[in-house]
1. Taking H as built 1.01 Å from N, whose amide H comes closer than 5 Å to the amide H of Lys145, not counting residues under 5 places away?
2. Output the peptides 386-396, 267-277, 215-225, 351-361 sorted from most to least packed, where packing is the average of other Cβ atoms within 10 Å over each peptide's residues.
3. Tabulate in residue order the Karplus-calculated ³J(HN,Hα) for the range 199-215, using 6.51 cos²θ - 1.76 cosθ + 1.60 with θ = phi - 60°, rounded to whole Hz; enter x for Gly and Pro.
4. Take the cross-link list Lys151/Lys291; Lys119/Lys298; Lys71/Lys191; Lys169/Lys315 and give me the ones stretching past 31 Å between alpha-carbons.
5. So what are the ³J(HN,Hα) numbers for the range 182-196, from phi and the Karplus equation (6.51, -1.76, 1.60; θ = phi - 60°), rounded to whole Hz, Gly and Pro as x?
6. So what J values fall out for the range 280-286 if you push phi through Karplus, 6.51 cos²θ - 1.76 cosθ + 1.60 with θ = phi - 60°, rounded to Hz, Gly and Pro as x?
7. Compute the distance in nm between two label points, each set 7 Å from the Cα along the Cα-to-Cβ direction, one at Thr420 and one at Ala225.
8. For n ≥ 4 DSSP H runs only, could you compute -39500 (n - 2.57) per run for the chain, divide by its residues and tell me the 222 nm figure to the nearest 500?
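What follows draws every value from the coordinates through simple rules; no lab data is involved. Just so we're clear, the structure is a prediction, and the values are computed from it rather than from any experiment. We place every Cβ from the backbone using ideal geometry, glycine too, and count neighbours over all the protein chains shown.
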Amino acid sequence: MRKVKLESRRSFIKTTAKGAVMAAVAPGILKEEIPVPEIFPQQAKGANERIRIAVLGINGRGKNHIEEIMKLSKTANVEVAALCDPDMALLTPLAADFEKRYGRKVVIEQDFRKTYEDKTIHAVALATPNHWHALQTIWACQAGKDVYVEKPATHNIYEGKKMIEAAYKYNRIVQHGVQLRSSPAIREAVKHLEDGLIGRVYMARGLVFRWRADIGDKGISPLPAGLNYDLWCGPAPMRPFTRNLVHYNWHWHWNYGNGDVGNQGIHETDLCMWGLGVNSLPERITSMGGKFLWDDCKEVPEVQSSIYHYPKEKKIIQFEVRHWCTNLEDGAGVGNIFYGDKGYLVVNGYNSYESFLGEKREKGPSRKEGGELTLHFQNWFDAIRARDMSLQNGPVQTGHLSSALAHLGNISFRLGRQLTFDPVAERFYGDAENEANAMLSREYRAPYVLPEVV
């Protein structure tokens, strides 16, 4: 059974990375090629080699990264060795708390690029804003460091292809932070789908019903002490400073975030594709929605409905974002529903599922089991030590595809029309004015520029 799983995963990686591997043989990045330090040679490391990790972005999700890594410190022989954030007002107190909690000091660095130069740092865990994920991942690969990158792996579709190229060119283990893929319950649910529990699975629904309040509009304000705002903006345009962005509400502005379909929703877009068994992007996309309650500074839709059609496979994905008072769907508010010709299966959250069979909705197999985030980090460490991408539950390809699905819906929403897409070339058909294809990437602000050749 183990061999079958590994071969299946290897086939998936080879299929989705074929173009990236071909592109990765081209030398050089920007003006010159950065040599890869031999921190981890190609062969597997011994059990006594301690993996030293820097956590980038420590305001929210980064705290979870610190906790999970340190939880595995003894059993997995890993440690948080550095904390990086452009805001010293966050870094300084967290470093003090780290020392108090774990009994030792941790290096702090405002500019993560200095951490990338440190050859004693073996890997990085990225919990920075979305607009930084791809570039920080690529630069980390070039610096010889393995990467755990939070969802979404990318801010636009083009970035995903470059991340795959970088991971393969520099033989780096890039793990996408979709911990459902390491959940024993969810893995069992997907196995049921593959084995025909609910028959031929033809449709998946992703649900993101989150309580998102009015955030108002705080306007322009003076730059707070301790914040390197240039570094915070990075590849995005540098607008006048506002508390509307820093440190969380950037999610709701297009230059930095991707709305809830590209926030919480990546867990669900990823599971939609995984459970349906599709390893490519759809051919037809349509999305609509808007803001119906709050007159605040959000740019993204608060309510959004998207449809992704795979005509050749005869499969379809529906995705729903709702932001306030709403019903749950068979108990799921954040989760997925899969439909087959013999029943349907509901995934609720990160670690439980139920199944319902036949016309009378008779209860089938179900399971609830936690610990998925710890298991996902452990899986990353196992792949790092083995230097084997096929061991990964969340390889870089999943980061590209699940994030790109969300981006496609957002492009359709922003243009207000249905789109036709070539999933091989990853370009839009019939885009006479080049509006849609222009949104596959972005203009990068120097010197934070995504390299054409990684």
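1. Close amide H contacts, sequence-distant or interchain: none at all.
2. Values: 386-396: 20.9, 267-277: 24.5, 215-225: 11.4, 351-361: 16.1.
Taking the mean over residues of other Cβ atoms within 10 Å, the ranking is 267-277, 386-396, 351-361, 215-225.
3. Once rounded to whole Hz, the list reads x, 6, 7, 10, 9, 10, 10, x, 10, 10, 9, 10, 7, 10, 7, 4, 9.
4. Working: Lys151/Lys291 24 Å; Lys119/Lys298 41 Å; Lys71/Lys191 29 Å; Lys169/Lys315 34 Å.
Beyond 31 Å: Lys119/Lys298; Lys169/Lys315.
5. For the range 182-196, the Karplus curve yields 10, 6, x, 5, 6, 5, 5, 4, 5, 4, 4, 4, 5, 8, x Hz.
6. The phi angles translate into 8, 8, x, 9, 10, 9, 9 Hz.
7. So the two model labels end up 6.1 nm from each other.
8. Values: 12 runs with 144 residues, N = 454.
After summing the helix terms and dividing by the residues of the chain, the value is -10000 deg cm²/dmol.
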